[in-house]
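A quick write-up on the structure given underneath.
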Amino acid sequence: MRIIISGGGTGGHIFPAISIANALRAKDPKTEILFIGANGRMEMTRVPEAGYDIKGLPVRGLIRPLWSPKNISVMIDFFKSKWLVKKIIKDFKPQVAVGVGGYASAPTLNAAADMGIPCLIQEQNSYAGVTNKSLAKRAKKICVAYDGMERFFPADRIIKTGNPVRQSLMANDMTRAEARRNMGLREDLPTILVIGGSLGARTINNAIASGLQRFDERNVQVIWQTGKFYADECIAKAKASGTQLVHPQAFISDMAMAYKAADIVISRAGASSISELCLLGKASVLVPSPNVAEDHQTKNARALSDKGAALFIPDAMAEKTLVEEAIALVSDPATVTKLEVEVSKLALPDSADIIADEVIKLVQNQ
């Protein structure tokens, strides 16, 4: 098989893309896979690190407001990218093109559809992104993670597969005590994991920083991923506070261990994070980012909180209420257990394998 996979920009697009590629290779080690990404974006380094070739495009996102004169150059780059993709397709001769969202997906799948290549798109969020909505009419299969996606896509092409997650998260068989020892934490204390994404989340970081002494007072320890942009500031605040129980760091390299060590998780509500929480059965407090297209993180968070599977705090309320809500939750084992049970019901395992099977069907149906 020869497959193109396109998309990226954030880990929420890249991790599923790599998981799908790994699943395809596991089913047939001879499968040739070529990624297409956007120049200067995260995928241009993360994909080669995962062992796959990638071609970059000069594609960029539209500038708000849409009538901005700057969008003239954005559209020129789009059509240039589409022309480059057609050249790549002529050389690589893929049998199927897969789009996971992000800037590069639009010119790649449009070019592939123009050239008669069957297309599959994977939508991670409960509210479809602009790119995937525009591609839906040209896609043969549309893999989704939430119910009700016929609002955005043709119902007869939708397959509910869930979102692929990093395989390493599911392979950790440590006990909670072992994970805490390995992370230099106390084994006997309630533990909160704070994650705002690899770049960090200002509101969450401000909330944690304002409550540093409260964690010590209530004997609650915190694994605090600050993100690289906020690391120096947050580490300095933790040091100045004298806290013994809050452990800030820019980036957590072993997320499987961090999840295992934690009783609850404070997180943004990106699609990949939601899928990880469901598959790992973790109780969580979700603080959706307000700075995303169509406010889709709030819709993701509501998909859990409305089912009693997570707590939801609006970004605007987080600095006032997040610390107290989180401490109250982690101090209430019965509620933690209830959230764990409900969130586990929403898990859709084997997503990457299911999507890979759909790609293979498209190859076989040609």
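Suppose R0 equals 51 Å. What FRET efficiency, 1/(1 + (r/R0)^6) with r the Cβ-Cβ distance, do ALA236 and LYS27 give to the nearest 0.05? Write out the running numbers ahead of the final one.
On the way: r = 49 Å, r/R0 = 0.96.
Result of the calculation: an efficiency of 0.55.
Going down the table (LYS55/LYS282; LYS86/LYS141; LYS80/LYS133; LYS90/LYS141), which pairs top 31 Å between alpha carbons? Working shown, then result.
On the way: LYS55/LYS282 37 Å; LYS86/LYS141 21 Å; LYS80/LYS133 22 Å; LYS90/LYS141 23 Å.
Listed pairs above 31 Å: LYS55/LYS282.
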(message) Beyond 23 Å, how much of the Cα-Cα pair distribution for the range 67-196 remains, as a whole percent?
(response) 52 percent
(request) Report the label-to-label distance for ASP188 and LYS70 in nanometres (one decimal), using points 7 Å from each Cα along the Cα→Cβ vector. (result) 5.6 nm
(message) Past the 18 angstrom mark, what percentage of all C-alpha to C-alpha distances in the range 254-366 do you count?
(response) 54 percent
(request) With just the Cα atoms of the range 154-303, tell me how far they stretch along each of the three principal axes, in Å, largest first. (result) 58, 35, 24
(request) Provide the descending list of Cα extents for the range 1-49 along its principal axes, expressed in whole angstroms. (result) 30, 16, 16
(request) Express in nm, to one decimal, how much length is gained between GLU324 and ARG2 on full extension, taking 0.36 nm for each residue of separation and deducting their alpha carbon distance. (result) 110.7 nm
(request) Pull out the extension gain between ASP91 and ALA250, defined as 0.36 nm times the separation in residues minus the alpha carbon to alpha carbon distance; nm, one decimal. (result) 53.1 nm
(request) Please list the non-local residues whose amide H lies under 5 Å from the amide H of SER6, H modeled 1.01 Å from N, same-chain partners needing a gap of 5 or more. (result) ILE36, VAL98, GLY99, VAL100
(request) At 1.4 Å probe size, with no ligands or nucleic acids counted, give the accessible surface of ARG46 in Å², nearest ten. (result) 70 Å²
(request) Starting from the Cα of SER331, step 7 Å along the direction of its Cβ; do the same at LYS228; then give the gap between the two resulting points in nm. (result) 3.8 nm
(request) Using Cα centres only, tell me the gap between the range 257-329 and the range 111-171 in whole Å. (result) 23 Å
(message) Defining a contact as two alpha carbons under 8 Å apart and six or more residues distant in sequence, what relative contact order in percent does the chain show?
(response) 16 percent
(message) Between (i) 22.0, 68; (ii) 21.1, 65; (iii) 20.6, 69, which entry matches Rg and Dmax of the Cα atoms in Å as derived from the coordinates of this structure?
(response) (ii)
(message) Looking at the chain as a GNM with Cα springs under 10 Å, which of ALA113, ALA139, ALA26 has the largest mean-square fluctuation?
(response) ALA26
(message) Rounding to the nearest 10 and keeping the result within 0 to 90°, find how far the Cα-based axis of helix 351-364 lies from the longest principal axis of the chain.
(response) 0 degrees
(request) Determine ³J(HN,Hα), in whole Hz, for all residues of the range 6-16 in sequence, where each value follows from phi through the Karplus function 6.51 cos²θ - 1.76 cosθ + 1.60 and θ = phi - 60°; x replaces Gly and Pro. (result) 10, x, x, x, 9, x, x, 9, 6, 4, x
(message) Rolling a 1.4 angstrom probe over the protein chains, ignoring ligands and nucleic acids, what is the accessible area of ASP232 in square angstrom, nearest 10?
(response) 130 Å²
(message) How long are the semi-axes of the equivalent ellipsoid of the range 171-247, defined as square roots of 5 times the Cα gyration tensor eigenvalues? Whole Å, largest first.
(response) 21, 16, 10
(message) Over the chain, with the other protein chains present, what is the accessible area per residue in square angstrom, probe 1.4 angstrom?
(response) 44 Å²
(request) Along Cα→Cβ, 7 Å out, is where each label goes; now give me the distance between the ones at ASN172 and SER134 in nm to one decimal. (result) 3.8 nm
(message) Springs between alpha-carbon pairs under 10 angstrom, Gaussian network model over the chain: which of ILE327, ILE266, ILE63 fluctuates most?
(response) ILE63
(request) Mind checking which of MET115, LEU24, ASN300 is farthest towards the positive end of the chain's charge dipole, using Cβ charges of +1 (Lys, Arg) and -1 (Asp, Glu) about the Cα centre? (result) MET115
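For the chain, what % of the accessible area comes from carbon and sulfur atoms, probe 1.4 Å? Write out the running numbers ahead of the final one.
Numbers: 8490 of 16220 Å².
So the carbon and sulfur contribution to the accessible surface is 52 percent.
What's the local net charge at VAL144, with K and R +1, D and E -1, over the other residues with C-beta under 14 Å away? Don't jump to the answer; show the numbers that get you there.
Numbers: positive: LYS133, LYS141, ARG151, ARG157, LYS160, LYS299; negative: GLU123, ASP147, GLU150, ASP156, GLU358.
Net charge around VAL144: +1.
The values are calculated or read from the model by the stated rules, or taken from the named source; none is laboratory data. Predicted model, so just to flag it, every value in this text is computed and none were measured. Please note: Cβ atoms are built from the backbone with ideal geometry, for glycine as well, and neighbour counts cover all protein chains shown. These accessible areas exclude ligands, DNA and RNA; they are computed on the full protein's heavy atoms, side chains included. Shrake-Rupley method; radii C 1.70, N 1.55, O 1.52, S 1.80 Å.
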